[in-house]
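Presented below is the structure to which this report refers.
The values are calculated or read from the model by the stated rules, or taken from the named source; none is laboratory data. In this text the structure is predicted, and so the values were computed from the model without any measurement. Cβ placement follows ideal geometry from the backbone for every residue including glycine, while neighbour counts extend to all protein chains displayed. Protein only, heavy atoms only, side chains kept; ligands, DNA and RNA dropped before computing areas. Shrake-Rupley method; radii C 1.70, N 1.55, O 1.52, S 1.80 Å.
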Amino acid sequence: MPAGKLNQVKEIWKKIGDFEDPESVFTKHYNELKQSIQSCNFPMLLHGIRGFQRDVDEMNCKALIALRDNQMTDEEYALFTKIINEESTSLMVSAYDAFKRKCLR
């Protein structure tokens, strides 16, 4: 995730922070996806993508609860979910493309 977007997300997340912070979620899943690509392990890749999506869904739910409870403004919620969803989708698609290039020749 680009540093500018990461900083925006981190600032917003500080308001609710009762879940793993977004940077550690992205780092953890990036490393899992990278390992599955290096080993050409498709089941591991799918497991990593599903786990990443589950964590993103949980962050989105926590953000929605924070919005409901007035811990986050409408603008912060919109920005947070936009960045989290776009960046996670980009990372998952890139991982799948990298897997195809390396392992499905």
**OP:** Multiply the residue separation of residue 58 and residue 100 by 0.36 nm, subtract the distance between their alpha-carbon atoms, and state the gained length in nm to one decimal.
**Re:** 12.3 nm
Subject >> Cα long-axis angle, helix 22-38 against the chain (0 to 90 degrees, to the nearest 10) >> reply: 10
**OP:** Keeping all protein chains in position, work out how much accessible area residue 65 exposes to a 1.4 Å probe, and write it in Å² to the nearest 10.
**Re:** 80
Subject >> Helix axis angle, 3-13 relative to the chain longest principal axis, alpha carbon, degrees >> reply: 50
Original post:
Percent relative contact order of the chain, based on C-alpha pairs within less than 8 angstrom and at least six residues apart?
Top reply: 35
Subject >> At 0.890 mPa s and 25 °C, Stokes diffusion of the stretch 61-105 via Kirkwood alpha-carbon radius, µm² per second >> reply: 200
Original post:
Which of the residue pairs 15/102; 28/100; 62/102 have a Cα-Cα distance greater than 32 Å in the structure shown?
Top reply: 15/102; 62/102
Original post:
Given the alpha-carbon gyration tensor of the chain, what are the semi-axes of its equivalent ellipsoid in whole angstrom, ordered largest first, with each equal to the square root of 5 times an eigenvalue?
Top reply: 29, 12, 10
Original post:
Using a Förster distance of 22 Å, how high is the FRET efficiency between residue 75 and residue 28, based on the Cβ-Cβ distance and rounded to 0.05?
Top reply: 0.20
Subject >> Computed [θ] at 222 nm, helices only, for the chain once each DSSP H run of length n ≥ 4 contributes -39500 (n - 2.57) >> reply: -28000 deg cm²/dmol
